[in-house]
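My questions will all concern the structure given below.
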Amino acid sequence: MRKPGFKVFLVLLTLVFFALTVVGCGRGGGTDSGTSPDGGEKVKVGFVYLGSPGDAGWTFAHEKGRQYLMEQIPDVVTETVENVSDADAERVLTQLAENGNKIIFATSFGFMDPTINVAAKYPDVTFLHCSGYKVDDNVGTYFGRMYQARYLSGLVAGKATETNKVGYVAAYPIPEVIRGINAFTLGVREANPDATVRVVWTSTWYDPAEEKNAANALLSVGCDVIAQHQDTPGPQQAAEEKGKLSIGYNSDMSALAPKAVMTSAVWNWGPYYVETVKAVMDGTWTSSQYWGPMSDGIVGLAPFGPMVSDEVKSLVDEKKTLILNGDWDVFTGPIKDQQGELKVQDGQVMDDVAMLDMMWFVEGVEGSI
Amino acid sequence: MNYDFLVAVLATAVVAGTPILYAALGEIVCERAGILNLGVEGMMLVGAVTGFIAALSTGNPWAGVLMALLAGGAMASIHAFLTVSLKANQVVSGLALTLFGTGLSAYIGKAYIGMPLPNPFRPVEVPVLSEIPFLGAILFRNDPLVYLSFLLVPLLWFLLFGTRAGLNMRAVGENPAAADSLGVNVFATRYMYVIIGGMLAGIGGAYLSLTYVPAWMENMVAGRGWIAVALVIFATWNPVNALIGSYIFGGIHALGFRLQTLDVSVSPYFLKMLPYLFTIAVLIFVTRKNNLNRIGAPKALGLAYDREER
């Protein structure tokens, strides 16, 4: 007679061992808990991440914001959950609320409906959802006007290109990405009316090797500056290897491609997190759809590389001042689309709704949606 | 489409296909011996991160390859223990290995994210051969790991179809009971090829972190392990077909990107779908009974071998 009992036990034991190790790794990310040394009560803040800070991109930028929050408000304890899929978001959000987190930041578009659902069950918890459009009494949304930083980085690219061809590696044709490409192109052509921006879609947010591949394709047709809307620095590395220039995105990408990166259009969530947590603690927070301008510090440019001349810097500063003062915004007419049709009349400023729905390319973009 | 365009696409296809090729060769060896290992993605990730760390700390990319090989083998030995010794479900164990590898590689690599590798493999032109028109530019201006894969394909093909060891491997995958009765050690054979398969997957992962990108980023394998698993079926468990298949799988994106730069509007989604469409077509063909023997799908694939159930 065979006795399967022992073997089944061994299989289970090995699987449990795996599972524990994986859970252990996942949790390595940074769960801080406890009370302050003086025994005072701390406010618990939860963060739900789509990826992990190891992506050197989107989630990394949010993680830096969380760290900034911890530095600025010592009375805060944070709990983070990494690598949360859209399907699992509702469970994770519920868990964070059950754990006593009073403020929860859901940092991915796909968490929108789960956030609304869970928020309805926990009315005394404040939920903030990044990049979505659904709100409730205790749910607000937040995002930044990245197109303003994109425009400024476009000025740098336009001045730098010698072939008058700028390449742009982009993930998916959605309004957020298209808006960025358009703003960037307006910047490029402000600095250099002869230049064009060539777009290649990768249909992935996260694949360093493919993103690099796409950048190489752009370099091979004569583009000498590479910009991107992806989650990794793959395109920057392609530019570095070929001795060309590039504009980074998400966070300062100069460390990975020091000879190529002139500047990066960066997210800076820290100040927003600090302000929001303070508002909730003071009881002054009310639900809103926050689309933060550059003057709030939520988006910006990373420090310039040594290859950027003072002339270019002062051009960027000049436009930056206009944007920061609110005297001028990027999508101010006249703006033509790819077919040469006037989309925004001279002197007119595009409203937020039109910007959020943008599904057309401005003149000077080469590629199709 | 001119000459330069074609050369550029094909040259990129070779580079993009190489990590998939290593992993697929490993999986072919493993499946030929009758064990399905769905942990390829996890083994590649662990190979990528350990290879990167070893190359960075020793200053020698070959040390990275060696490390990736050992790490991939170690990962695979877990699968071998579970499926060969404990006769666990191969699908479950393989999936667990992928989850485990994803978590483990992220944990090990935390401090190395986004660090540049000062000493990656660089392209080396092969004298004489690189001067061959067309083929020279595509095949012989690559890095050493690509050349290694060129050698590996005929070597594995010969091992599989030209040697007694290969015959034993296939026998174990086709009919382990018969092989056992002829004195082949089924358990040792399966252990060996599962581990060799893991080693090759490890090198495939390291190719990404040592040459292609080259840097460590979490989850940087980005699904190539799964493509390799599909490719094995596409290649009908034959190393030579795997070479062709991996260049098609790898090259299809490169082609898509290049077409976009020429304003040829082909949906990137459509191109992305193609390799899987091919795989489904092959699957349909393979599963027709009278094609089975000719194609060489291992009959005992996925089944645990138990001497007492003979």
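The values are calculated or read from the model by the stated rules, or taken from the named source; none is laboratory data. Keep in mind that this is a model prediction, so the values were computed, not measured. Because the Cβ atoms are built from the backbone with ideal geometry, glycine has one as well, and the counts that use them run over all protein chains shown. SASA here: full protein model, heavy atoms, side chains in, ligands and nucleic acids out. Shrake-Rupley method; radii C 1.70, N 1.55, O 1.52, S 1.80 Å.
At a 1.4 Å probe radius, carbon and sulfur cover how many percent of the accessible area of chain B?
Numbers: 8630 of 12300 Å².
Carbon and sulfur: 70 percent of the exposed surface of chain B.
Would you mind calculating the gained length between A:GLN345 and A:ILE369 on full extension (0.36 nm times residue separation, minus the Cα-Cα distance), in nm to one decimal? Mind showing how you got there, number by number?
On the way: separation 24, 0.36 × 24 = 8.64 nm, distance 2.31 nm.
Result for the pair: 6.3 nm of gain on full extension.
Still on this model: Across peptide B:72-81, what mean number of C-beta atoms from other chains lies inside 10 Å of a residue's C-beta?
Values: counts 0, 0, 0, 0, 0, 0, 3, 0, 0, 3.
That works out to 1 on average.
Something else about it: What is the magnitude of the charge dipole of region B:166-310 about its Cα centre, with +1 placed on the Cβ of each Lys and Arg, -1 on the Cβ of each Asp and Glu, and no other charges, expressed in debye to the nearest 20? List each step's numbers first, then the result.
On the way: 11 positive and 7 negative charges, 72 e Å.
With only Lys, Arg, Asp and Glu charged at Cβ, the dipole is about 340 debye.
Heavy atoms of the protein only, probe of 1.4 Å, neighbouring chains included. What is the accessible area of A:LEU342 in Å², nearest 10?
A:LEU342 has an accessible surface of roughly 70 Å² with all protein chains in place.
In nanometres, what is the gap between the two model label sites at A:ASN117 and A:GLN338, each 7 Å from Cα along Cα-to-Cβ?
My value for the distance between the label points is 3.7 nm.
Using the crude model of +1 on Lys and Arg Cβ and -1 on Asp and Glu Cβ, and no other charge, please compute the dipole size for region A:44-170 relative to its Cα centre, in debye to 20. Provide the component values of the computation, followed by the final result.
Details: 11 positive and 15 negative charges, 117 e Å.
Dipole of region A:44-170, to the nearest 20 debye: 560 debye.
Helices from chain A with mean Kyte-Doolittle at least 0.5 and a Cα length along the axis of 20 Å or more, per DSSP H: which?
Details: long enough: A:4-27 (34 Å, 1.79); A:58-72 (22 Å, -1.24); A:146-160 (21 Å, 0.20); A:175-191 (24 Å, 0.29); A:310-325 (22 Å, -0.40).
Helices passing the filter in chain A: A:4-27.
Tell me what chain A gives for mean residue ellipticity at 222 nm when only DSSP H runs of n ≥ 4 count, each as -39,500 (n - 2.57), the sum divided by the residue total, rounded to 500 deg cm²/dmol.
Numbers: 11 runs with 146 residues, N = 369.
Calculated mean residue ellipticity at 222 nm is -12500 deg cm²/dmol.
Could the peptides B:92-98, A:192-198 be put in order, highest first, of the mean number of other beta-carbon atoms found within 10 Å of their residues?
Working: B:92-98: 21.7, A:192-198: 18.6.
Descending packing order for the listed peptides: B:92-98, A:192-198.
What are the lysines whose alpha-carbon lies under 30 Å from the alpha-carbon of A:LYS259, with same-chain residues fewer than 8 places away excluded?
Output for A:LYS259: A:LYS64, A:LYS159, A:LYS165, A:LYS212, A:LYS242, A:LYS244, A:LYS313, A:LYS319, A:LYS320, B:LYS110.
For B:LEU167 and B:ALA74, what is the calculated FRET efficiency with R₀ set at 35 Å and r taken between the beta-carbons, to the nearest 0.05?
On the way: r = 28 Å, r/R0 = 0.80.
According to the calculation, E is roughly 0.80.
What aspartates and glutamates sit close enough to A:LYS343 to cross-link, taking a C-alpha to C-alpha distance under 16 Å and skipping anything fewer than 8 places away on the same chain?
Cα-Cα hits under 16 Å: A:ASP329, A:ASP351, A:ASP352, A:ASP357, A:GLU363.
Can I ask one more? Please determine, in degrees from 0 to 90 and to the nearest 10, the orientation of helix B:186-207 with respect to the longest principal axis defined by the Cα atoms of chain B, where the helix direction is its Cα long axis.
10 degrees
Chain pair A, B: how much accessible area is buried, both chains summed, with a 1.4 Å probe, in Å² to 100? Intermediate results must be reported in sequence, preceding the final value.
Working: alone 17070 and 14180 Å², together 27490 Å².
Answer for the A-B pair: about 3800 Å² buried.
Could you sort A:LYS212, A:LYS259 by accessible area so the largest value comes first, with the probe set to 1.4 Å? Could you put the intermediate results ahead of the total?
Numbers: A:LYS212 10, A:LYS259 150 Å².
Listed by decreasing accessible area, they come as A:LYS259, A:LYS212.
Would you mind checking region B:70-85 for residues with the amide N under 15 Å from a putative spin-label position 7 Å along Cα→C-beta of B:PHE187?
Flagged as within label range: B:80-85.
Report, in degrees rounded to the nearest 10, the 0 to 90 angle that the Cα long axis of helix B:144-162 makes with the longest principal axis of chain B.
30 degrees
Per DSSP helix of 4 or more residues, -39500 (n - 2.57); summed, then divided by the residues of chain B. What does that give at 222 nm, rounded to the nearest 500? Provide the component values of the computation, followed by the final result.
Working: 13 runs with 212 residues, N = 310.
For chain B, the value works out to -23000 deg cm²/dmol.
Also, I was wondering about something else. With labels modelled as points extended 7 Å from the Cα through the Cβ direction, what inter-label distance (nm, one decimal) is found for A:LYS242 paired with B:LEU283?
Distance between the two pseudo-spin positions: 3.7 nm.
What ranking of A:GLU366, B:GLU41 comes out by heavy-atom accessible area, probe 1.4 Å, highest first? Don't jump to the answer; show the numbers that get you there.
Values: A:GLU366 65, B:GLU41 15 Å².
Largest to smallest exposure gives the sequence A:GLU366, B:GLU41.
Which is farthest toward the positive dipole end of chain A among A:TYR272, A:GLY180, A:THR115, measuring Cα position about the Cα centre, with Cβ charges +1 (Lys, Arg) and -1 (Asp, Glu)?
About the Cα centre, the residue reaching furthest to the positive side is A:THR115.
Given R₀ = 45 Å, what would the calculated FRET efficiency be for B:TYR147 paired with A:SER314, taking r from the Cβ atoms and rounding to 0.05? If you can, show how the numbers build up before the last one.
Numbers: r = 51 Å, r/R0 = 1.13.
Using R0 = 45 Å, I get an efficiency of 0.35.
Just counting partner chain Cβ atoms within 10 Å, what average do the residues of peptide B:104-115 show around their Cβ?
Numbers: counts 5, 2, 10, 9, 1, 1, 6, 0, 1, 7, 12, 3.
Per residue, the number of nearby Cβ atoms from other chains is 5 on average.
Does anyone have the angle between helix B:3-32 and the longest principal axis of chain B? Alpha-carbon axes, 0 to 90°, nearest 10?
It is inclined by approximately 20 degrees.
While we're on this one: From largest accessible area down, sort A:ASP282, A:ASP86; use a 1.4 Å probe on the protein chains.
A:ASP282, A:ASP86
Let me ask something else. At a Cα cut-off below 28 Å, give the lysines reachable from A:LYS121, other chains included and same-chain residues fewer than 8 away excluded.
Once the sequence-local lysines are set aside, what remains near A:LYS121 is A:LYS42, A:LYS44, A:LYS102, A:LYS134, A:LYS278.
Under a plain spin-label model, where a point goes 7 Å from the Cα along Cα-to-Cβ, how far apart in nm are B:VAL264 and B:VAL7?
1.8 nm
Under the definition of partner shielding as Cβ atoms of other protein chains within 10 Å of a residue Cβ, what is the mean value for peptide B:210-216? Write down the numbers at each step before the final one.
Numbers: counts 0, 1, 7, 11, 5, 8, 3.
Mean number of neighbouring Cβ atoms from other chains: 5.
Run through all the Cα pairs of chain A and give the fraction in each 20 Å bin from 0, expressed as whole percent.
Values per bin, smallest distances first: 28, 52, 18, 2, 0.
Pop the C-beta distance of B:ILE244 and A:ALA255 into the FRET formula with R0 = 25 Å and round what comes out to the nearest 0.05. Kindly include the intermediate steps, with their values, before the conclusion.
Numbers: r = 39 Å, r/R0 = 1.56.
With a Förster radius of 25 Å, E is 0.05.
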